[in-house]
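Visitor: Here it is, the structure in full.
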Amino acid sequence: MKIDLTGRTAFVTGGSKGIGKAIVQSLAACGANVGVMARGRNDLDATVAEVNALGGGRVIGVAGDVADYDSIAAAVAQTAQTFGGLHLAVNNAGISGAEGLLHESGPGNWRTVMGVNLDGVGFAMMAEIAQMLEAGGGSIVNIASVEAHTVLRHFPVYTATKHALIGLTKGTAADYASLGIRVNSVSPGVIRTPLTMAPGQKEVTDRLEGKIPSGRLGESEEVARTVTFLLSDLSAYTTGTDVVVDGAFLLRE
Ligand SMILES: NC(=O)c1ccc[n+]([C@@H]2O[C@H](COP(=O)([O-])OP(=O)(O)OC[C@H]3O[C@@H](n4cnc5c(N)ncnc54)[C@H](O)[C@@H]3O)[C@@H](O)[C@H]2O)c1
């Protein structure tokens, strides 16, 4: 069975690297046209050029900050205008924030992580859903985390935002089911990306890797395939649920 997204328009946040980039590649390979939003222009331009060179669906890049409503609303509108409507969306941009106990991490870290991980998804969904209602329906995937089901020690704000995303996903799935919009989330385990390999974060990744029952880190492409399935009509009766892609990390001893 082949997933064919020809004629569909998708919008992906944080699509310039890591899991988001793999999602953009997967959607374009299935024929979708994709609007990609990310913060830094350089990685974004490189990703757009790389995916367009592969010759699937067309990809455009829009630089901006998901924590800013006007910025994300403009990016969604530009995507819909360029390709003609919006049918699919992946709210993937996310940051882990500073490591530390809550009382030490301060209100600045709180605001930053909440801004990207929670405001960024809620704001994006407002703009995406408005476009999808005009298009007659759609499918949204929010990227949560295994930390939505457990905790990442010493990253309490990150943990809080990911738990909240599950609630946002379920609440909106119920509200929009009769209007033809499905909303699901995907919870990656420990995946090899620039985020988990970054200085300071790599030590956390190394510590977690030894505990994964599958014995290895996950790859971004493995998350992207599950996201692509949830966006496609193959999952037409699936909404309001979370799919964990973690090599059994949550079942470790
Ligand atoms: N890597 C993992 O192991 C892992 C595990 C569980 C969940 N996740 C989640 O998956 C998502 C992607 O993680 P990743 O590891 O690929 O991250 P990454 O750091 O490799 O890439 C993050 C992407 O988000 C973009 N971004 C960050 N802040 C932004 C902002 N304010 N506005 C617009 N774009 C912004 C960046 O430009 C980049 O494209 C995140 O939500 C993360 O929490 C990752």
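Each reported figure results from applying straightforward, stated rules to the coordinates on display, with no laboratory input. Note that the structure is predicted; figures quoted are calculated from it, not measured. Neighbour counts run over all protein chains shown; Cβ positions are idealised from the backbone, glycine included.
Visitor: How far, in nm, would the chain grow between Arg58 and Ala77 when pulled straight, counting 0.36 nm per residue and subtracting the alpha carbon separation? Don't skip to the answer; put the middle values down first.
Guide: Working: separation 19, 0.36 × 19 = 6.84 nm, distance 1.64 nm.
So the chain would gain 5.2 nm between Arg58 and Ala77.
Visitor: Once you order the gyration tensor axes a ≥ b ≥ c over the Cα atoms, which shape class does the chain get: rounded for a/c under 1.5, otherwise prolate or oblate by comparing a/b with b/c?
Guide: Working: a/c = 1.44, a/b = 1.40, b/c = 1.03.
Rounded, because the longest to shortest axis ratio a/c is under 1.5.
Visitor: Any chance you could check the Cα centroid distance between the stretch 74-88 and the stretch 144-159 for me, in angstrom?
Guide: Cα centres, the stretch 74-88 to the stretch 144-159: 32 Å.
Visitor: Calculated FRET efficiency, His163 and Arg252, Cβ-Cβ r, R0 22 Å, to nearest 0.05?
Guide: After rounding to 0.05, the efficiency reads 0.70.
Visitor: Give, as a single signed number, the net charge of other residues whose beta carbon lies under 15 Å from the beta carbon of Ala80, with Lys and Arg counted +1 and Asp and Glu -1.
Guide: Neighbourhood net charge equals 0.
Visitor: While we're on this one: Sort 89-95, 72-78, 208-214, 239-245 by packing, meaning the average of other beta carbons within 10 Å per residue, with the highest value first.
Guide: With the highest mean Cβ count within 10 Å placed first, the list reads 89-95, 72-78, 239-245, 208-214.
Visitor: If you don't mind, there's one more thing I want to ask. What do you get for the angle between helix 18-29 and the principal long axis of the chain? Use alpha-carbon atoms, 0 to 90 degrees, nearest ten.
Guide: 20
Visitor: If you average the C-alpha positions of the stretch 1-41 and of the stretch 196-214 separately, how far apart do those two centres end up, in angstrom?
Guide: 26
Visitor: Continuing with this model, one more query. Could you work out how far apart the two model spin labels at Asp175 and Thr112 are, taking each label as a point 7 Å from the Cα in the direction of the beta carbon, and quote it in nm?
Guide: Each label point is offset 7 Å from its Cα along the Cβ direction, giving 3.0 nm.
Visitor: Something else about it: Based on the Cβ-Cβ distance of Tyr69 and Asp4, what FRET efficiency does E = 1/(1 + (r/R0)^6) give at R0 = 25 Å, to the nearest 0.05?
Guide: My answer for the efficiency is 0.15.
Visitor: A further question on this structure: If Lys and Arg each add +1 and Asp and Glu each add -1, what is the summed charge of the other residues whose beta carbon sits under 13 Å from the beta carbon of Ala63?
Guide: Cβ neighbours under 13 Å give a net charge of -2.
Visitor: Report the net charge of residues surrounding Val146, where surrounding means a beta-carbon distance below 12 angstrom and charges are Lys +1, Arg +1, Asp -1, Glu -1.
Guide: Around Val146, the surrounding residues sum to 0.
Visitor: Any chance you could run the full-extension gain for Leu195 through Arg216? It's 0.36 nm times the residue separation minus the Cα-Cα distance, nm to one decimal.
Guide: 5.9 nm
Visitor: Here's another thing I want to ask about it. Which length gain, in nm to one decimal place, applies between Ala46 and His154 when the Cα-Cα distance is subtracted from 0.36 nm times their residue separation?
Guide: So the extension gain works out to 35.5 nm.
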